[in-house]
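Trainee: Before anything else, here's the structure in question.
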Amino acid sequence: MIRIKIIIFTITCVFLFLVLNLFYFEVVKGNKFKELSNKNCIRILPQEGGRGRIIDRQGIVIVGNELCYDVLIMSSDAKQLDKTLMNASRVLGTDFKNLKNTFKGSLTASSIPMALAKNIDLKKAIALEELKPDLNGIIIQPRPQRGYPYGRLACHVLGYLNEIDRWRLTKLADYGYKTKDIVGFGGLEEKYDYYLRQEEGGLSMEVDHRGRFVRTLGFRPPKSGKDIQLTLDVKIQKIVEENLSGKVGCVVIMEPYSGQIIALASWPNFNPSAFVTKSNSSIYDFLNNPEAPLINRAISAAYPAGSVFKLVVATAALETGKINLSTTFLCTGSINVGKQKFSCWDTHHEENLRDAITHSCNVFFYRTGLLLGAQAIHDYAVKLGLSRGTSVDLPYEESGFLPHPLWRKIYRFKNWLEGDTVNLSIGQGELLVTPLQIARMMAIFANRGRLVTPYIVKTIAGQDVSNYQKKIITLPIKMSTIDSIREDLRNVVADPSGTANVLSTLSVPVSGKTGTAQAPPGQPHAWFIGFFPFKSPKFVICVFLEHGGSGYRATLLAKQIIETMIQEGIL
């Protein structure tokens, strides 16, 4: 009797436990399991929009989007999986084991399609579509991919795309960025990524227990990013890059009155499409090339200015009255300052300011610099836009460096000597500038006294964002000083003994200044800065050749560029 009661009690407890559990799962947790059940029969197929295009000032597409095809799989049927992958591997020309490993590596959740292959060609995409009945769960998804119709052209301006890294993800997570997003690195792709990036859409589908399509539940169309129009001119950019090719350096061409950058090229360059197609060998070469092709030498590298800095000293000397147009100094080929000898590149004899700029006489500027003093040189260099960034709308701009006596005292624990002033007077010593800073400085003499802010983005989604007129500063420099130096710069080209006389044969009158900046242990850097046409300047040009040997070589390159522009009917 007791045994029967025990059995009945046990059975009652078991049934009670089952009823309570049934109540718990059906009532208490019912909504949760219903939601999980719904998710198990719903698949989300993401649809990517196109990234915003980048176009030049004439509306020519420099960077756009090309249609490519990805192979996705949504099958959750293990029995059918091997057969599906085997059939797909034959069409894709991929080993079955590799394809299966790709599937396992991509496996995240049953509701998310997994990528088997990316960027397949159109023929393979069509072949897979034809075999759809034998490819359970396979989807061929068209996708816009970054396309570069001009290849490497303007790559340093544009930047490239890559998968988001941890540093960027930490900074941008609050703005909707997530792991594995493709974002811009360098150039406009990074600076304006928020505007260029697309908004993802998607297709919501119901599937059965085997993962087979039942019906479409909804569709949200993707949105393309905003188009960006540049001040860049593709035609001039091509001329610049073709002439710069094979040389280490950079060229900047800009409008002197507005600051619009017409061309900006740095060499060596890189192919941004390598990062899109994941060409590991090309990317490895870019990253390990000792000539650093990923660096934009026009804005992200700073160099000694050499003789182009003499324009700062000339401006300071005339403005402060330390010299006038009649002041002369005797150049015997060198001067002694203390126990040290400072040489000139030639013996020029008696020189006034015009002669000194025309011949790039070091001795004249040594003596002028000593009359001015280091602080005055520093102050006028700052006025002319050196020692700070230009605020160009590109990332990673260097500010350069402008030494002065107080800095030397505080950071080097040394006194500023006259020899340091002499070095600074010809753009040597610890002075560092970027080619874009020097181009902007030359624009002051081209536009008669206004400091512009260089920029390269004109409109975003058709809206003008340049606002350049508010960024122009009229400098407190006498017009007589500007006009005098302008005439001197023209003389550098027009005078048979001028250092840039090679440009005198051009049909368009050019003004300019050469520079040879010592950069031991290698060859000197070569500079040429100028503007043209002389009376009504349309363009400012800065040519810089890293370890180019002499300013003459940079001047020859400038001549080739301007000559080609004339032949193409641009001038």
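Trainee: For residue 479, all conditions in the list (1) modelled with pLDDT under 95; (2) of a type outside the set (Val, Ile, Thr); (3) farther than 30 Å from residue 525 by Cα hold save one; what is the number of the exception?
Mentor: Single failed check for residue 479: (1).
Trainee: Does residue 379 satisfy being in the same structural domain as residue 338 (by TED's automatic domain parsing), in contact with a Gly (Cβ under 9 Å, 6 or more places away or on another chain), part of a helix (DSSP H, G or I) and of a type in the set (D, E, K, R)? Lay out the reasoning, then the answer.
Mentor: Values: in the same structural domain as residue 338 (by TED's automatic domain parsing): yes; in contact with a Gly (Cβ under 9 Å, 6 or more places away or on another chain): no; part of a helix (DSSP H, G or I): yes; of a type in the set (D, E, K, R): yes.
Criteria not met by residue 379.
Trainee: OK, next. When the residues of region 353-409 are narrowed to those that are without any contact (Cβ under 8 Å) to a residue 24 or more places away in the chain and of a type in the set (A, V, I, L, M), which ends up surrounded by the most Cβ atoms within 10 Å (Cβ to Cβ)?
Mentor: If we take residues in region 353-409 being without any contact (Cβ under 8 Å) to a residue 24 or more places away in the chain and of a type in the set (A, V, I, L, M), then 382 is surrounded by the most Cβ atoms within 10 Å (Cβ to Cβ).
Trainee: Here's a follow-up. One residue is enough: does region 388-400 have a residue meeting the conditions farther than 30 Å from residue 193 by Cβ and not in a helix (DSSP H, G or I)?
Mentor: Within region 388-400, none of the residues are farther than 30 Å from residue 193 by Cβ and not in a helix (DSSP H, G or I).
Trainee: Can I ask one more? Can you name the helices (runs of 4 or more DSSP H) wholly within region 200-291 that have at least 1 residues being surrounded by 15 or more Cβ atoms within 10 Å (Cβ to Cβ), at pLDDT 95 or above and among the acidic types (Asp, Glu)? Walk me through it before giving the result.
Mentor: Working: elements: 234-244, 273-276, 280-288.
It comes to 234-244.
Trainee: Related question: Does region 411-428 include one or more residues that are in a loop (DSSP other than H, G, I, E, B), touching a Ser or Thr at 6+ places or on another chain (Cβ under 9 Å), of a type in the set (Ser, Thr, Tyr) and in the same structural domain as residue 528 (by TED's automatic domain parsing)? Working first, answer last.
Mentor: Within region 411-428, the first condition is being in a loop (DSSP other than H, G, I, E, B), and the residues that meet it are 412-417, 426-428.
Pick out the ones that are also touching a Ser or Thr at 6+ places or on another chain (Cβ under 9 Å) and you get 426-427.
Cutting the leftovers down to of a type in the set (Ser, Thr, Tyr) gives us none.
Within region 411-428, none of the residues are in a loop (DSSP other than H, G, I, E, B), touching a Ser or Thr at 6+ places or on another chain (Cβ under 9 Å), of a type in the set (Ser, Thr, Tyr) and in the same structural domain as residue 528 (by TED's automatic domain parsing).
Trainee: In region 226-284, what count of residues is obtained for those that are farther than 18 Å from residue 188 by Cβ, in the same structural domain as residue 474 (by TED's automatic domain parsing), of a type outside the set (D, E, K, R) and more than 16 Å from the chain's Cα centre (by Cα)?
Mentor: Adding up the residues that qualify gives 9.
Trainee: Filter region 486-513 for residues that are of a type in the set (Val, Ile, Thr) and either within 10 Å of residue 445 (Cβ to Cβ) or exposed (fewer than 15 other Cβ atoms within 10 Å of the Cβ) (or both) and give the result. Give the steps one after another, and end with the answer.
Mentor: First, pick out the residues of region 486-513 that are of a type in the set (Val, Ile, Thr): 492-493, 499, 502, 505, 508, 510.
Answer for region 486-513, where residues must be of a type in the set (Val, Ile, Thr) and either within 10 Å of residue 445 (Cβ to Cβ) or exposed (fewer than 15 other Cβ atoms within 10 Å of the Cβ) (or both): just 505.
Rundown of residues vs (1) farther than 16 Å from residue 387 by Cα; (2) under 29 Å from the mean Cα position of the chain (by Cα); (3) touching a residue at least 24 places away in the same chain (Cβ under 8 Å), yes/no style:
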{"residue": "414", "(1), (2), (3)": "yes, no, no"}
{"residue": "425", "(1), (2), (3)": "no, no, yes"}
{"residue": "432", "(1), (2), (3)": "no, yes, yes"}
{"residue": "435", "(1), (2), (3)": "no, yes, yes"}
{"residue": "440", "(1), (2), (3)": "no, yes, yes"}
{"residue": "443", "(1), (2), (3)": "yes, yes, yes"}
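Trainee: Residue 410 - would you say it is within 25 Å of residue 525 (Cα to Cα) and either among the basic types (Lys, Arg) or out of contact with any Asp or Glu (no Cβ under 7 Å at 6 or more places or on another chain) (or both)? Walk me through it before giving the result.
Mentor: Values: within 25 Å of residue 525 (Cα to Cα): no; either among the basic types (Lys, Arg) or out of contact with any Asp or Glu (no Cβ under 7 Å at 6 or more places or on another chain) (or both): yes.
Criteria not met by residue 410.
Yes/no per residue for (1) under 27 Å from the mean Cα position of the chain (by Cα); (2) small (Gly, Ala, Ser):
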residue	(1), (2)
512	no, yes
518	no, no
521	no, no
525	yes, no
530	yes, yes
542	yes, no
546	yes, no
552	no, no
565	yes, no
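Trainee: Report yes if some residue within region 498-505 is at pLDDT below 95, of a type outside the set (Val, Ile, Thr) and part of a helix (DSSP H, G or I); otherwise report no. Don't jump to the end; show me each part of the working.
Mentor: Our first condition is that a residue be at pLDDT below 95; within region 498-505, this holds for none.
The answer is no, given that none of the residues of region 498-505 is at pLDDT below 95, of a type outside the set (Val, Ile, Thr) and part of a helix (DSSP H, G or I).
Trainee: Within region 293-331, which residues are surrounded by fewer than 17 Cβ atoms within 10 Å (Cβ to Cβ), among the hydroxyl-bearing types (Ser, Thr, Tyr) and out of contact with any strand residue (DSSP E or B) (no Cβ under 8 Å at 6 or more places or on another chain)?
Mentor: 320, 326
Trainee: Next question. Take the conditions more than 30 Å from residue 291 (Cβ to Cβ), within 27 Å of the chain's Cα centre (by Cα) and loosely packed, with under 15 Cβ neighbours inside 10 Å and apply them to residue 460. Does it pass?
Mentor: Details: more than 30 Å from residue 291 (Cβ to Cβ): yes; within 27 Å of the chain's Cα centre (by Cα): yes; loosely packed, with under 15 Cβ neighbours inside 10 Å: no.
Judged against the criteria, residue 460 is not a match.
Trainee: Can you find even one residue in region 369-385 that is in contact with a helix residue (DSSP H, G or I) (Cβ under 7 Å, 6 or more places away or on another chain) and within 30 Å of residue 228 (Cβ to Cβ)?
Mentor: yes
The values are calculated or read from the model by the stated rules, or taken from the named source; none is laboratory data. Not measured: the values here are computed from a predicted model. Using ideal geometry, Cβ is built from the backbone for each residue, glycine included, and neighbour counts are taken over all protein chains shown.
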